[in-house]
Amino acid sequence: MSRIVYVNGAYVPEEEANVSVFDRGFLFADGVYEVTSVLDGRLVDFDGHAARLARSLGELEMESPASRDELLEIHREIVSRNQVKDGLVYLQVTRGAAADRDFAYPDPEEVSPTIVVFTQSKPGLADAPQSKVGIKVISVPDLRWKRRDIKTVQLLYPSMGKMLAKKDGCDDAWMIEDGLVTEGTSNNAYIVKDGVIVTRNLSNDILHGITRAAVLRFAKEAQMQVQERPFTIEEAQAADEAFITSASTFVMPVVEIDGLELGGGKPGPVATRLREIYLDESRKNTV
Ligand code: PDD
């Protein structure tokens, strides 16, 4: 059975879901996106994702194609039509299709944004086998642009990072700028030393993860110590444990960094506990 996809106001079978070849998302990566996880058919942290989408659009002077309530309705409808129990909702908004290829933004009165929403079913997402064994990361230089706080669809460099990791028999790459870890290719990065959780402070250097915000809040509520500051890859390799967070992985332990094992190559207690807390608490607030 093919998926039902939402495109510019219509729910259509994926084979019939099309956007223009002149779409600025296609020609200029002039678009933003959000990934919201689905557990038991309900949306995790929807309001966080909707708020970040609005911010990304605002930073790019792009019109929002739908209100928060309309977006929620679309998300719920697409989950229901595709009978997604566990998985993801992917949403992309671009500046639309102008008449010609032109670097200058088109007049928003004449060109309306493109909106596409689709689902990816991932049965057993909360019990992903990787979460029991952890992932291995390599480090790569961070060669992305300087506005990583905007969730744009310019994902070529993160894809390259993931491919470099794969070629090394690893799962992901942590990116390094000025000797300091910024984040993972599609996740925020953390280390734990002597019980203190360390993750890079928010700025334009990293994406302001919705999972990050929730996990740090839960960690503080559980009386865990948190330091928001940059760290080096050497500090990470000398840490007791490490992990990543994102809407698609929740809290995922990291057990190897650039070939060096952490915590005997097994997921650490802090990451394991935070994953449990995150899943328990998030399930209580799904919509
Ligand atoms: N990625 N940093 C980057 C560069 C990301 O692409 C993501 C999310 C995150 C984590 O943000 P959040 O907790 O809001 O998912 C951090 C999504 C999942 C993706 O591209 O698939």
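The stretch between Ala10 and Asp194 holds 61.0 nm of extra length on full extension. This uses 0.36 nm per residue minus the Cα-Cα distance. All C-alpha to C-alpha distances of the chain, sorted into 5 Å bins beginning at zero, yield P(r) values of 1, 5, 12, 15, 17, 17, 14, 9, 6, 3, 1, 0 percent in whole numbers. Peptides 103-109, 211-217, 32-38 ranked from most to least packed, by the mean per-residue count of other Cβ atoms within 10 Å: 32-38, 211-217, 103-109. For segment 4-123, a crude dipole built from +1 on the beta carbon of Lys and Arg and -1 on the beta carbon of Asp and Glu, taken about the Cα centre, is about 500 debye to the nearest 20.
Mind jotting down a quarter of the surface of the convex hull over the alpha carbons of segment 130-284, in square nanometres, one decimal? Average projection, Cα convex hull of segment 130-284: 8.4 nm². For a straight C-alpha distance cut-off of 28 angstrom, the lysines reachable from Lys220 (same-chain residues fewer than eight places away being disregarded) are Lys132, Lys136, Lys151, Lys193, Lys266, Lys284. Ordered from longest to shortest, the equivalent ellipsoid semi-axes for segment 4-123 are 26, 16, 11 Å, each the square root of 5 times a Cα gyration tensor eigenvalue. Of all aspartates and glutamates in the structure, those lying under 18 Å Cα to Cα from Lys162, and not within fewer than 8 positions of it along the same chain, are Asp142, Asp171, Asp172, Glu177, Glu183, Glu256, Asp258. Here the peptides 248-261, 125-138 are ranked by packing, the mean other Cβ count within 10 Å, and the order with the highest first is 248-261, 125-138. Compared with the dominant principal axis of the Cα atoms in the chain, helix 46-59 is inclined by about 70°.
The long axis of helix 68-81 is offset from the longest Cα principal axis of the chain by roughly 80 degrees.
So what's segment 36-88 giving for Rg/Rh, alpha carbon basis, Kirkwood Rh from the mean inverse pair distance?
1.02
Each other residue within a Cβ distance under 10 Å of Gly96 adds +1 if Lys or Arg and -1 if Asp or Glu, for a net charge of -2.
Which value in nm describes the separation of the simple spin-label points at Ala29 and Glu234, placed 7 Å from the Cα toward the beta carbon? Here the modelled spin labels are 3.2 nm apart. For segment 1-65, the spread of Cα coordinates along the three principal axes comes to 35, 31, 17 Å, biggest extent given first.
In this structure the amide hydrogen of Gly31, modeled in the peptide plane, comes within under 5 Å of the amide hydrogens of Val153, none closer than 5 places in sequence on its chain.
Per-residue 3J(HN,Hα) values for segment 145-154, derived from phi via the Karplus relation 6.51 cos²θ - 1.76 cosθ + 1.60 with θ = phi - 60°, read 5, 9, 10, 6, 6, 8, 8, 7, 8, 7 Hz in sequence order (x marks Gly and Pro).
With both labels modelled 7 Å from their Cα along Cα-to-Cβ, the Tyr105 to Asp69 distance reads 2.7 nm.
Quick note: the coordinates plus some simple rules give every number you see, no bench work behind them. Only a predicted model underlies this, so the values are computations on that prediction, with no experimental measurement involved. Note that each Cβ is placed from the backbone with ideal geometry, even for glycine, and that neighbours are counted across all protein chains shown.
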